[in-house]
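Visitor: I'd like to ask you about the structure that follows.
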Amino acid sequence: MAENLLRALSQVRSRLVDPEPLVRAVASGRQKGAAPRWRRVELRYVDLKAGRHLQVTAYDETQAHPSNPPVGAHDGRGTARAAVDDLLDEPFGNWHVETTAETLQLRVTKKGALLHITERTSPVEADRGHDRDKDRLLPEDDPLFRALGLADAEGRLKPSRRDKYRQVEEFLRLLDTAVTEAVDKGQLRTPTPEDPLRVADLGCGNAYLTFAAERYLAGTRGLPVHLVGVDVKEQSREHNEKVARELGLDAEFVAGTIGGVELERAPEVVLALHACDTATDDALARAVQWEASLVLAAPCCHHDVAAQLRRTPTPAPYAMLTRHGILRERLADTLTDALRATLMRLQGYRVDVVQFVESKHTPRNTLLRATRTGAPVKGGSLRRDYDDLVEAWGIHPKLAELLDA
């Protein structure tokens with residue numbers, strides 16, 4: 001093991017075994033030529049009736065394996081320190097460690113260890129609660145929710161707004177995982193105060209998720225972030241800028257169309273959440289144009305392909321799939337997002353399609369998570385499969401038109 005890697009792991013260990021400042025830590029990825037036992041491990045300290053314990057959640061390919069070794073006075077087997085040492089012996093390729101005062105990022109490459117430590121702009125408190133229902137990325141009494149009208153003046157969440165709060169929480173968990181993994185794999189740079197992470201939310205509306213993303217990434221994660229929200233309505237821009245000023249957030253808003261907006265610097269992370277119909281295609285196309293490192297898009301309605309399916313003959317033997325309107329709409333949903341994912345892969349993105357909590361206004365709960373690799377899929381089989389599919393169904397995806405693909 002390289003000496004610089006040993007020194008870097010020693011720095012990681014010093015933070016993992018100190019129960020007071022540790023907020024959370026994540027180990028993931030693999031080193032060249034070796035694979036760890038677990039796909040991903042998450043760590044944080046919790047206070048139980050029996051005292052403070054290290055909560056370790058290890059993930060294999062199918063499930064989570066939790067354990068809670070105690071913080072002991074000795075380094076005997078079964079204690080928190082022993083659990084930390086066992087994990088540090090595993091050939092993980094990435095360690096992401098957050099404390100109350102700093103963020104440490106370790107990435108292991110074939111050339112050695114790359115260690116980056118960033119001080120938080122403001123200190124945070126570590127949550128030691130063991131109750132998973134209370135393990136919130138943003139607490140209900142955060143000033144953000146009062147400013148957005150989700151909570152009352154005393155910070156109590158309004159019963160009628162709990163669905164929106166749940167949507168915010170689920171989105172932040174997806175965003176947290178996506179950003180962490182992209183940074184761990186070197187697909188997204190580690191931002192600095194001089195050059196913050198550039199995030200754009202396209203079709204942001206009243207910017208619930210825009211503000212939550214900035215609040216969490218900057219306030220909780222301690223990442224320098226500059227966020228731009230884009231919406232066609234001037235009224236939305238004025239409202240959102242007022243809220244940003246009240247909360248002291250580093251966010252700006254632009255009135256304009258997704259396809260026509262011009263930003264001073266290209267964003268590295270693009271969000272498009274429940275953008276209607278082909279607005280999602282506009283957002284994906286702009287992300288490709290900007291060469292965005294990470295894209296999170298939760299499509300809403302899929303009218304464009306649904307309308308095309310009504311106008312074109314259904315290929316044999318699939319007529320039963322389009323005979324009934326509700327089935328045709330569901331098929332349009334699946335076709336649209338499958339073709340979007342394929343087109344993004346052809347543009348050099350790794351794409352995952354995951355479940356996202358539904359919004360109040362639509363039953364759609366799919367999210368496309370795309371990470372730029374810079375290398376389009378090799379071979380022509382994917383392109384042939386795509387061409388065969390659109391030709392068989394007689395459809396012309398909007399995203400293909402925008403990408404000239």
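Visitor: Using packing as a proxy for protection, rank 24-30, 139-145 so that the peptide with the highest average count of other Cβ atoms within 10 Å comes first.
Guide: Details: 24-30: 20.3, 139-145: 18.0.
So the peptides 24-30, 139-145, ranked by packing, come out 24-30, 139-145.
Visitor: Further question on the same structure: What FRET efficiency would be calculated for the residue pair D195, R330, taking the C-beta separation as r and a Förster radius of 56 Å, to the nearest 0.05? Let's see the in-between values first.
Guide: Working: r = 44 Å, r/R0 = 0.79.
Efficiency at R0 = 56 Å is approximately 0.80.
Visitor: Hand me the trypsin sites (Lys or Arg not before Pro) from the stretch 288-347 located in a DSSP loop with no more than 16 other Cβ atoms within 10 Å, in residue order please.
Guide: On the way: sites: R310, R311, R323, R328, R330, R340, R345; in loops: R323.
In loop regions of the stretch 288-347 (DSSP not H, G, I, E or B), the sparsely surrounded trypsin sites (Lys or Arg not before Pro) are R323.
Visitor: Go ahead and set up a Gaussian network model of the chain, Cα springs under 10 Å, then flag whichever of A306, A64, A126 fluctuates most.
Guide: Answer for the Gaussian network model of the chain: A64.
Visitor: For A113, enumerate residues with amide H under 5 Å from its amide H, sequence gap 5+ or separate chain, H modeled in the peptide plane.
Guide: Placed amide hydrogens put L5 under 5 Å from A113.
Visitor: Right, something else. In terms of Cα to Cα distance under 13 Å, which aspartates and glutamates are near enough to K49, apart from those fewer than 8 places away along the same chain?
Guide: D131
Visitor: I would also like to ask the following. Could you pull out every one of the lysines with an alpha carbon less than 23 Å from that of K111, ignoring same-chain neighbours closer than 8 positions?
Guide: K32, K185
Visitor: Out of every Cα pair in the stretch 208-292, what percent are spaced more than 23 Å from each other?
Guide: Numbers: 724 of 3570 pairs.
Of all Cα-Cα pairs in the stretch 208-292, 20 percent lie more than 23 Å apart.
Visitor: Sticking with this structure for a sec: Per the Kirkwood definition applied to all pairs of different Cα atoms, how many angstroms is the hydrodynamic radius of the stretch 262-390?
Guide: On the way: mean 1/r = 0.0640 Å⁻¹.
One decimal place: 15.6 Å for the Kirkwood radius.
Visitor: Continuing with this model, one more query. What does the highest-first list of 376-389, 84-97 look like by mean Cβ count within 10 Å? It would help to have the intermediate numbers written out before the result.
Guide: On the way: 376-389: 11.9, 84-97: 19.4.
Taking the mean over residues of other Cβ atoms within 10 Å, the ranking is 84-97, 376-389.
Visitor: Further question: Separation of the stretch 1-60 and the stretch 184-257 by C-alpha centroid, Å?
Guide: If you average the Cα positions of each part, the centres end up 30 Å apart.
Visitor: Treating the angle as unsigned and between 0 and 90°, give the value, to the nearest 10°, between the Cα long axis of helix 3-16 and the longest Cα principal axis of the chain.
Guide: 90 degrees
Visitor: Lys and Arg at +1, Asp and Glu at -1: add these up for the other residues within a Cβ distance under 13 Å of R156 and post the number.
Guide: Numbers: positive: R146, K158, R161, R162; negative: E140, D141, D142, D152, E154.
Once all neighbours under 13 Å are counted, the net charge is -1.
Visitor: Would you tally the net charge around R265, using a Cβ to Cβ cut-off of less than 11 Å, leaving R265 out, and scoring K and R as +1, D and E as -1? It would help to have the intermediate numbers written out before the result.
Guide: On the way: positive: R198; negative: D195, E262, E264, E268.
Net local charge, R265 excluded: -3.
Visitor: How big, in percent, is the set of alpha carbon pairs in the stretch 90-153 lying more than 19 Å apart? Provide the component values of the computation, followed by the final result.
Guide: Numbers: 1151 of 2016 pairs.
Here the tail beyond 19 Å accounts for 57 percent of pairs.
Visitor: A further question follows. With each label point set 7 Å from Cα along the Cα-Cβ vector, what nm distance links E238 and T57?
Guide: Placing both labels 7 Å beyond Cα along the Cβ direction yields 4.3 nm.
Visitor: Rounded to the nearest 500, what is the 222 nm mean residue ellipticity of the chain from helices alone, with -39500 (n - 2.57) per DSSP H run of 4+ residues and division by all residues?
Guide: Counting only the DSSP helices, I get -10500 deg cm²/dmol.
Visitor: To the nearest 20 debye, what is the magnitude of the charge dipole of the stretch 208-363 about its Cα centre, counting +1 on the Cβ of each Lys and Arg and -1 on the Cβ of each Asp and Glu? The partial results should precede the final answer.
Guide: Details: 17 positive and 21 negative charges, 130 e Å.
It comes to approximately 620 debye.
Visitor: Classify the stretch 104-193 from the C-alpha gyration tensor, please: rounded if a/c falls under 1.5, else prolate or oblate depending on whether a/b exceeds b/c. Please list the in-between numbers first.
Guide: Values: a/c = 2.58, a/b = 2.29, b/c = 1.12.
Since a/c reaches 1.5 and a/b is larger than b/c, the shape of the stretch 104-193 is classed as prolate.
Visitor: Just name one of A34, S14, L273: the one whose Cα is farthest towards the positive end of the charge dipole of the chain (beta-carbon charges, Lys/Arg +1, Asp/Glu -1).
Guide: Farthest towards the positive pole: A34.
Visitor: I'd like the carbon and sulfur percentage of the solvent accessible area for the chain, probe radius 1.4 Å, heavy atoms only, ligands and nucleic acids excluded. Show your work: numbers first, answer last.
Guide: Values: 9480 of 19770 Å².
Whole-percent figure for carbon plus sulfur exposure: 48.
Visitor: Just grab the label-to-label distance for A153 and R245, each label 7 Å out from Cα along the Cβ direction, in nm (one decimal).
Guide: In this crude spin-label approximation the distance works out to 2.2 nm.
Visitor: May I ask for the angle, rounded to the nearest 10°, between helix 381-393 and the longest principal axis of the chain, with both axes built from Cα atoms and the value confined to 0 to 90°?
Guide: In the chain, helix 381-393 runs at an angle near 40 degrees to the longest axis.
Visitor: Using amide H atoms built 1.01 Å from N in the peptide plane, name the residues 5+ places from Q55, or on other chains, whose amide H lies under 5 Å from its own.
Guide: R44, Y45, V46
Visitor: Please work out, to two decimal places, the log10 of the ratio I(q)/I(0) at q = 0.13 Å⁻¹ from a Debye calculation in which every Cα of the chain carries one identical scatterer.
Guide: Log-scaled intensity ratios, in q order: -1.18.
Visitor: Between A35, A332, A298, which gets the highest mean-square fluctuation from a Gaussian network model of the chain, Cα cutoff 10 Å?
Guide: With Cα springs under 10 Å in the chain, the top fluctuation among A35, A332, A298 is at A35.
Visitor: Here's a follow-up. Hey, what did the stretch 285-405 get for relative contact order, percent, Cα under 8 Å, at least 6 apart?
Guide: Numbers: 146 pairs, mean separation 42.7, N = 121.
Reported as a whole number, the value is 35 percent.
Visitor: Next up: Excluding same-chain residues fewer than 8 positions from K242, which lysines have a Cα within less than 21 Å of its Cα?
Guide: In chain and number order, the partners are K164, K233.
Visitor: How are the Cα pair distances of the stretch 1-128 distributed, in percent, across 10 Å bins from 0?
Guide: 13, 44, 35, 8, 0
Visitor: Under a Cβ-only charge scheme (Lys and Arg +1, Asp and Glu -1), can you give me the dipole magnitude of the chain about the Cα centre, in debye to the nearest 20? Show your work: numbers first, answer last.
Guide: Details: 57 positive and 61 negative charges, 190 e Å.
In debye, rounded to 20, the chain gives about 920.
Visitor: While we're here: Let me test this: with uniform point scatterers at the alpha carbons of the stretch 144-263, what is the Debye-based log₁₀ I(q)/I(0) at q = 0.10, 0.15, 0.18, 0.20 1/Å?
Guide: So the normalised log intensities work out to -0.32, -0.72, -1.01, -1.20.
Visitor: Put a dot 7 Å past each Cα toward the Cβ at E20 and T121; how far apart are the dots in nm?
Guide: With each label point 7 Å from Cα toward Cβ, the separation is 2.7 nm.
The values are calculated or read from the model by the stated rules, or taken from the named source; none is laboratory data. Not measured: the values here are computed from a predicted model. Reconstructed Cβ throughout: ideal geometry from the backbone, glycine too, with neighbour counts over all protein chains shown. Heavy atoms of the whole protein, side chains included, go into the accessibility calculation; ligands, DNA and RNA do not. Shrake-Rupley method; radii C 1.70, N 1.55, O 1.52, S 1.80 Å.
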